[in-house]
1. Among the residues of region C:183-220 satisfying the criterion of being aliphatic (A, V, I, L, M) and at pLDDT below 90, which is surrounded by the fewest Cβ atoms within 10 Å (Cβ to Cβ)?
2. Of all the helices (runs of 4 or more DSSP H) wholly in region B:104-206, which have at least 2 residues that are more than 21 Å from residue B:275 (Cβ to Cβ)?
3. Taking region A:68-93 as the region of interest, how many residues are crowded, with 18+ Cβ neighbours inside 10 Å and within 28 Å of the chain's Cα centre (by Cα)?
4. If I filter region B:2-23 for residues that are out of contact with any strand residue (DSSP E or B) (no Cβ under 6 Å at 6 or more places or on another chain), modelled with pLDDT of 75 or more, surrounded by fewer than 11 Cβ atoms within 10 Å (Cβ to Cβ) and of a type in the set (D, E, K, R), do I get at least one hit?
5. Counting only residues that are closer than 18 Å to residue B:236 by Cα and touching a residue at least 40 places away in the same chain (Cβ under 8 Å), how many does region C:59-88 have?
6. Does any residue in region B:291-311 that is farther than 17 Å from residue B:74 by Cα and facing chain A (nearest Cβ under 7 Å) come within less than 7 Å, Cβ to Cβ, of a residue that is charged (D, E, K, R) and surrounded by fewer than 24 Cβ atoms within 10 Å (Cβ to Cβ) six or more places away or on a different chain, and which pairs are these?
7. State which residue is surrounded by the most Cβ atoms within 10 Å (Cβ to Cβ) when the search covers only region C:103-118 and only residues that are over 17 Å from residue C:54 (Cβ atoms) and in contact with a Cys (Cβ under 9 Å, 6 or more places away or on another chain).
8. So residue A:249 passes all but one of these: (1) within 10 Å of chain B (Cβ to nearest Cβ); (2) closer than 15 Å to residue A:288 by Cβ; (3) of a type outside the set (D, E, K, R); (4) more than 20 Å from the chain's Cα centre (by Cα). Which condition number does it fail?
Amino acid sequence: MTEASATQTPATETAVAAKLASESRNATKAMLTEFWYYFSQNRGAVIGLAFFLALVVVAVFAPLVAPHAPDTQYRDSFLTPPVWEAGGKAAFLLGTDAVGRDILSRLIYGARYSLFIGVIVVTIALSGGIVLGVIAGYFRGAVDTFIMRVMDIILAFPSLLLALVLVAILGPGLTNAMIAIALVLQPHFVRLTRAAVLSERNRDYVVAARLAGAGNMRLMFKTILPNCLSPLIVQATLSFSSAILDAAALGFLGMGAQPPTPEWGTMLAEAREFILRAWWVVTFPGLAILITVLAINLVGDGLRDALDPKLKRS
Amino acid sequence: MLRFLVGRIGLLIPTFIGVTLVAFSFIRLLPGDPLDLLAGERGIDPERKAELLRQMGFDKPMWQQYLMYLGDILQGDLGTSFVSKKPVLTEFLTLFPATVELALCAILLAVLLGIPAGIFAAVKRGSFFDQSIMGTALVGYSMPIFWWGLLLIILFSGILQWTPVSGRISLIYFFPQDTGFMLIDSLRSGEKGAFASAVRHLILPSVVLATIPLAVIARQTRSAMLEVLGEDYVRTARAKGLSPLRVIGLHALRNALIPVITTIGLQVGVLLAGAILTETIFSWPGIGKWLVDSISRRDYFVVQGALLLIAAIVMIVNLIVDVLYGLVNPRIRHT
Amino acid sequence: MPLLEIRNLVVEFDTAAGPFRALDGVDYTVDAGEVLAIVGESGSGKSVAMLAVMGLLPDTATITADRMAFEGRDLATLSPKDRRQVIGKDISMIFQEPIASLNPCFTVGFQIGEVLKTHTRLSGSERAARVIELLKAVGIPEPERRLSSFPHQMSGGQCQRVMIAMAIACSPKLLIADEPTTALDVTIQKQILDLLLKLQAESGMGLIMITHDMGVVAETADRVVVQYQGRQMEEADVLSLFESPKHPYTKALLSALPENATGDRLPTVGDFRALFETAPKEATA
């Protein structure tokens, strides 16, 4: 074997490398095709994904899509009902709030905040959780015990309570709310990553890589981690929706984004006092949260089914 | 079983110490020191302040302060509210029954509806019923409950005028609240209509608080049932000639309940977080509303105490659930 | 009248890839006191047939048969309720994985007693006595103590004995054993087979032994049905099957026995595939 490779010319070596690369590309492509096949079997997941993508487009192009600026106050139109109700105006499809701002436009701009919150929170929680989880699972021993005990402590507090307290320390505002939520969601990623790493670390392929001389960093993040991704992807999706929910809850309690930010939870908090007078100021922001979270959870369910090899077989 | 229990309690001790550390650090991490917060905008004479800080032990090294704090906790002293001047523990114990009453009603609702719904969906897998139940459950799972509460208020209190908007009982009733549980106290008072009023006040908050646990329990029951229904012992039960009711309701359900009990236990944290929102919306005088009010009033010793107490409750309930789990699972009970 | 008579049994499963025919027109006859072995590789449909008799196939299965009668009663036309009175009482079945086949959440005593409670009118104390008697009959030591054991506290062989006790609780007329020894240690296999044969001889019940093991067939059966891919290849009494197998597949199966190894290589059924595959060559190429 060594003799054969020694006699190979450099040209054939690059050819072999290219062939290997293309084969690995093909394998990835086949995997994605298979994944998409299972994912697309789930009608709800596809609908959820379509809605989510549409929301992303709307959020990105908010200034083009929204009929009004989110903070323009129309003094002649306080609490105008939606267009189909008596007294509605065609200019304000979903009506206006107590200071005459167009609700639809605020919702469209609000989508930016919700998606931004989701992305940032999941990025922080996921990267922090993966690093801690891989370290805990890979090194075991005292490091593992310490990390996991700290996670237990975080999990002993109801998530919203801990987020509230953190915001009390850091001061109310969207950024601090996001940090707090990321910290609260992180232990789930740590636990998942650790469990996956524990089940993988003694597999033959890891031992083989170790014997081939791979260092700790390479073993942790290049060899083991890619094989632990499925549960993390699902958890990331679910965390995306809980981040949106929690941020909205903090906004609702006055501890998240501050008025006049058109964040959906904050809009609800502002609308609360008009609840029995103007149903639309309360209904639409909440509906926006519900539908967005629902769409993401549908995608999450679809991902879980498509990535779970146990369900695949049946 | 005893070893199992001792092991679980042993695991709780470091976590509890961690929780006290978090609560301890909370006050020290706040911007400014406690007295600035207490004095507010009026300010305070520096000498008087130094004197007070000394009295409260804030001049000592951190580790001594922490040990003092631990000692206080062990004696049941969780500090005093700036606002009411009452001990935090006393306030907590006065308000706690209201939250327990609400949370118990909610979890009862969630279990009594969620488990049958999950079983039914699993047995009729793929049917219209399965799809509707699971669709509804996913909506419930995705629900922003603070909005859901407002929506129900608009419908039932605003349009239909069936239920009151806030509080635990109508103000026209006045009777001693010995147990703190309004349902029990109103019954014991013998006042006409008091119990009905308490029930009507309890309905909407319970429904709101039950929404997410209900959805989670229904989903978990369904998937646990589906897994169990494929097991060999279910086939054995059918091969014995048992009725479908007995096969599903006894042989399958008994096994499916094991993971479901864990799920129910995990809902305690969800319930307490939900109580913060639900009690705020319905002005329910429990610990959730107390906490939010204290944060906005900057009554930080209350927040610190509540933080510790709520974490302790979550830990105790989780311990009880672990024991229950061991009791329903013979593989753990007999090892 | 035969105990169990099945003519032209066809079972199809609905799958995502369209209907799959697991059994294609098989016949079985079992008389009282007779031991019938059904042999075949996995996928030959040998378990499916008996699960169809027991009514244990999932809803995705479509079962048709010219005749499927137990003691002359047509099983197919029985209402589910009437059928449940036969299943577990007159026809009972034991399975391949004894530990997984017992419910982990209930005691052994409860699981055996449950059969008696369902199918007999014995009182509580009579049932308890009968359960102990049954555990003794299947050779479980200290049956009084074992009553309150859970399946995970017992070995695989003991679990299979409990399954057998459960199956013979109501003195069935027909016992179906689906690979009863496959999951067990070799030393235990023999004991379980002997136990089954002893119980069969004592009670005179019919016994259907589903197996892939020609050794088990030779030791236990009076008559043998050989199945391959859902079809019946051969039916014969056990002596003539081993001495002069008629169907090429049976010959292949017998050649694959370890005793028939030539040199250092054990022939497999696949080596003989060309002899018995009826599908035309062009279709598969």
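The values are calculated or read from the model by the stated rules, or taken from the named source; none is laboratory data. Worth saying up front: this structure is predicted, and the values here are computed from it rather than measured. Using ideal geometry, Cβ is built from the backbone for each residue, glycine included, and neighbour counts are taken over all protein chains shown.
1. Applying the filter and picking the extreme gives C:186.
2. Where helices (runs of 4 or more DSSP H) fall fully within region B:104-206 and carry at least 2 residues being more than 21 Å from residue B:275 (Cβ to Cβ), they are B:128-141, B:182-189.
3. Summing the residues that are crowded, with 18+ Cβ neighbours inside 10 Å and within 28 Å of the chain's Cα centre (by Cα) in region A:68-93 gives 1.
4. Yes.
5. 1
6. Note: no pairs meet the criteria.
7. Top of the filtered list is C:108.
8. (4)
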